[in-house]
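The values are calculated or read from the model by the stated rules, or taken from the named source; none is laboratory data. On a predicted model such as this, the values are computed, not experimentally measured, just so you know. Counting neighbours? That spans all protein chains shown, and the Cβs are built from the backbone with ideal geometry, glycine included. We work out accessible area using only protein heavy atoms, side chains counted, and drop any ligands, DNA or RNA first. Shrake-Rupley method; radii C 1.70, N 1.55, O 1.52, S 1.80 Å.
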Amino acid sequence: MAYRDYQHFLDVLESKGELKRVQEPVSPQLEITEIADRVMKAGGPALLFENVVGAPHRLGTPNPLSAVIGNGSIYSGSNGGSTRYAHPVAINTMGSRRRMSLALSCDDFEEHAERIDALLKPELPKGKIATIQKGFEVLGELRHTPPREVNGGLCQQIVMQGDDIDLTKLPILTCWPEDGGPFVTLPLVFTHDPNTGKRNVGMYRVQLHDKRTCGMHWQIHKTGMRQMEDAGAKGKNLEVCVVLGGDPVYNFAAIAPLPPGIDEMLFAGFIRRESVRLTKAKTVDVMVPADAEIVIEGYVDPTERRLEGPFGDHTGYYSLAGDFPVLHVTAVTMREKAVYPATIVGQPPMEDGWMGKAVERVFLPMIRLSVPEIVDMNLPVEATFHNMAFVSIKKKFAGHAYKVMSAIWGLGGLAFTKFVFVFDEDCDVQNLQEVIFRIGANCDPGRDTLMSKGPVDQLDHASQQEGFGGKIGFDCTHKLPGENGFDRPYPKLITMADDVKRRVDAMWPRLGL
Ligand SMILES: Cc1cc2nc3c(=O)[nH]c(=O)nc-3n(C[C@H](O)[C@H](O)[C@H](O)COP(=O)(O)O)c2cc1C
Ligand SMILES: [Mn+2]
């Protein structure tokens, strides 16, 4: 069942014991991070902070008009009075396998991998009836996929324009002590290709510069950036909507490495098995999900840049401040009693680890379409995903591991992977004990490595140059006779004979062990 809206999702989490409400007054400046970080590291629940208070946002530029709503002065710090925010803050709503699965309207997110696998299966069914059945199955799966346009919606119950716009009234988190300011951390950034009109939705963090201006952190390899450059080539601004909330599947769609040109809202409709309902924004020509909590409408001038960051990032380090585009806000719309959705990133493991795990599992069938020898893949959360990949393959020929490394370095988001380790199909790449054993046992560093170069995450601080760096692949498979100069017989892995295992299985209960 798809969620009606974000608060419906929160209700479901609560009914399943997956969400805790916090009534204690807490500040969006660092305190929510410290609490959420402890809970995330401990594998704890989603949190709904209902009493968010604190000093006014400290912005990168002087901000004389700090927002004070409500009348209670709960904090009277030395930094200029206190603010009681009207919106509760939800965080860690996807921070476990169970909650990430609930966010994707299923019992376990592997189910969506199976659905995609079934759709992509190249075999034609045998016989007329089977063909018709398969046709109906495929149509059934895709029936609810396209978004539907509606008039108005929940997300426009309140509309603020002109002088009424004041983003400092939102409990935007200042996440870490050295951050350049408050950052919107779960933004769904909606734009349209200025040439084709095609929609894009990406999750690109948004820094609050002042009450009507934000930083737009789309990186050089991302679609939002490309659309802005295309708008610039036509001498136009790019219209943008930053959406918060709605069905949590939108978060997944926004970070998903979809094939170029596939609409994130179409994909979201497929996952939730119900069309996404889109409504026209009030001041820009952008369609936004009607079920959103909050929508920030505006435009980016492709010629303008402003210092953005630093930001305590998913790399576990602060990414340095840099010049990034600027979002000028033309309207803010929201539902009544809107909840503010947030996350934090930092040293792993964090909530985004589960978002990434779901991407890894759901997209494996699509990767297998191009690289069918891949059996399984593990992008370990400890390596913040794109730094490291453990891949098992059905090895058939000499050099096969190198083919797979090269394929990974040529595939969408996987191309950013710095370290690729390739194993035989009998290695469980989800088991780090086994992975380390195989690396040590089967890889000769002098012979079984391949150095390469290519694009890396723009946030990678270790690379020689921003966005471009070195790569290394490790062939940890059994070597074939003569492969890569290997001229001795390859030894066998030690395992017990099956009949002995069966005899011991039978006597096991009697052994009292
Ligand atoms: C919590 C979170 C924050 C992210 N922040 C950014 C960001 O600030 N800038 C960016 O370019 N990508 C960021 N990403 C990654 C993009 O959302 C991701 O690469 C997405 O697939 C890009 O979509 P696109 O191909 O439509 O550009 C973030 C991902 C997550 C999970
Ligand atoms: Mn995209």
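Can you report the principal axis dimensions of the range 458-513 using only the alpha carbons, biggest first, rounded to whole angstrom?
Between the extreme Cα coordinates on each principal axis of the range 458-513 lie 63, 36, 12 Å.
Skip the ligands, DNA and RNA, and give the accessible area per residue of the range 100-155 with a 1.4 Å probe, whole Å². If you can, show how the numbers build up before the last one.
On the way: 3620 Å² over 56 residues.
Per residue, the range 100-155 has an accessible area of 65 Å².
Show the residues, 5+ positions off or on another chain, whose built amide H is closer than 5 Å to the amide H of Gly215.
Gln207, Leu208, His209, Leu327
Taking 25 Å as the cut-off for C-alpha to C-alpha distance, list the pairs among Lys479/Lys501; Lys20/Lys357; Lys337/Lys357; Lys234/Lys453 that go past it. Please list the in-between numbers first.
On the way: Lys479/Lys501 28 Å; Lys20/Lys357 23 Å; Lys337/Lys357 32 Å; Lys234/Lys453 34 Å.
Check vs 25 Å cut-off fails for Lys479/Lys501; Lys337/Lys357; Lys234/Lys453.
Using only Cα atoms and rounding to the nearest 10 degrees, what angle (0 to 90) does helix 31-41 make with the longest principal axis of the chain?
Roughly 20 degrees, rounded to the nearest 10.
How high is the relative contact order of the range 242-312, in percent, with contacts defined as C-alpha pairs under 8 Å that are six or more residues apart? Show your work: numbers first, answer last.
Working: 69 pairs, mean separation 25.0, N = 71.
It comes to 35 percent, rounded to a whole number.
Given Cα pairs under 8 Å that are at least 6 residues apart, what percent is the relative contact order of the range 357-513?
Details: 232 pairs, mean separation 29.4, N = 157.
About 19 percent, as a whole number.
Determine the dipole magnitude for the range 101-187: charges of +1 sit on the beta-carbon of Lys and Arg, -1 on that of Asp and Glu, nothing else is charged, the reference point is the Cα centre, and the result goes in debye to the nearest 20. Walk me through the numbers on the way to the answer.
Values: 8 positive and 15 negative charges, 146 e Å.
I would put it at about 700 debye.
Heavy atoms only, probe 1.4 Å: what % of the accessible area of the chain goes to carbon and sulfur, would you let me know?
Values: 12890 of 23480 Å².
Summing carbon and sulfur atoms, their accessible area is 55 percent of the total for the chain.
So how do 451-459, 50-58 stack up, highest first, on mean other-Cβ count within 10 Å? Please list the in-between numbers first.
Details: 451-459: 16.9, 50-58: 19.2.
Averaged packing, sorted descending, gives the order 50-58, 451-459.
Mind pulling the angle between the C-alpha long axis of helix 223-233 and the longest principal axis of the chain? Nearest 10 degrees, somewhere in 0 to 90.
Orientation of helix 223-233: about 60 degrees from the principal axis.
Would you mind checking the pairs Lys16/Lys395; Lys16/Lys280; Lys134/Lys198 and listing those with alpha carbons more than 32 angstrom apart? List each step's numbers first, then the result.
On the way: Lys16/Lys395 44 Å; Lys16/Lys280 34 Å; Lys134/Lys198 30 Å.
Listed pairs above 32 Å: Lys16/Lys395; Lys16/Lys280.
If the cut-off is a Cα-Cα distance under 16 Å, which aspartates and glutamates reach Lys211, setting aside same-chain residues fewer than 8 apart in sequence?
Cross-link targets: Asp163, Asp164, Asp166, Glu297, Glu308.
Once amide H atoms are built 1.01 Å from N in the peptide plane, which residues 5 or more positions from His57, or in another chain, come under 5 Å H to H?
Hits under the 5 Å cutoff: Ala67.
In the chain, what is the volume of the convex hull around the alpha carbon atoms, normalised per residue and reported in Å³? Show your work: numbers first, answer last.
On the way: hull volume 102.6 nm³, N = 513.
Spelled out: Cα convex hull of the chain, divided by residues, is 200 Å³.
So for the chain, averaging the separation of alpha carbon pairs under 8 Å that are six or more residues apart and normalising by length, what relative contact order in percent results? If you can, show how the numbers build up before the last one.
On the way: 1099 pairs, mean separation 71.9, N = 513.
That works out to 14 percent.
Could you name the lysines whose alpha carbon sits less than 24 Å from that of Lys128, not counting residues in the same chain fewer than 8 places away?
none
Non-local amide H neighbours of Lys198 (under 5 Å, H modeled in plane, Pro and chain starts lacking H): which ones?
Asp193
Using only the alpha carbons of the range 381-513, what is the convex hull's orientation-averaged projected area in square nanometres? Each step should come with its number before you reach the end.
Details: hull surface 43.8 nm².
It is 11.0 nm².
Under 15 Å between alpha carbons, and skipping anything fewer than 8 positions from Lys403 in its own chain: which aspartates and glutamates qualify?
Glu373, Asp424, Asp448, Asp475, Glu483
Applying 1/(1 + (r/R0)^6) with R0 = 45 Å to the Cβ-Cβ distance of Asp487 and Asp107, what FRET efficiency is obtained, to the nearest 0.05? Intermediate results must be reported in sequence, preceding the final value.
Details: r = 51 Å, r/R0 = 1.13.
Efficiency, rounded to the nearest 0.05: 0.30.
Considering the Cα trace of the range 86-160, what is its radius of gyration and what is Dmax, both in angstroms?
For the range 86-160, the Cα radius of gyration and maximum Cα-Cα distance read 19.1, 62 Å.
Report, in degrees rounded to the nearest 10, the 0 to 90 angle that the Cα long axis of helix 432-442 makes with the longest principal axis of the chain.
50 degrees
Is the range 218-287 rounded, prolate or oblate when judged by the Cα gyration tensor, a ≥ b ≥ c being the square roots of its eigenvalues, rounded requiring a/c under 1.5 and prolate requiring a/b larger than b/c? It would help to have the intermediate numbers written out before the result.
On the way: a/c = 2.29, a/b = 1.45, b/c = 1.58.
Here the range 218-287 falls in the oblate category.
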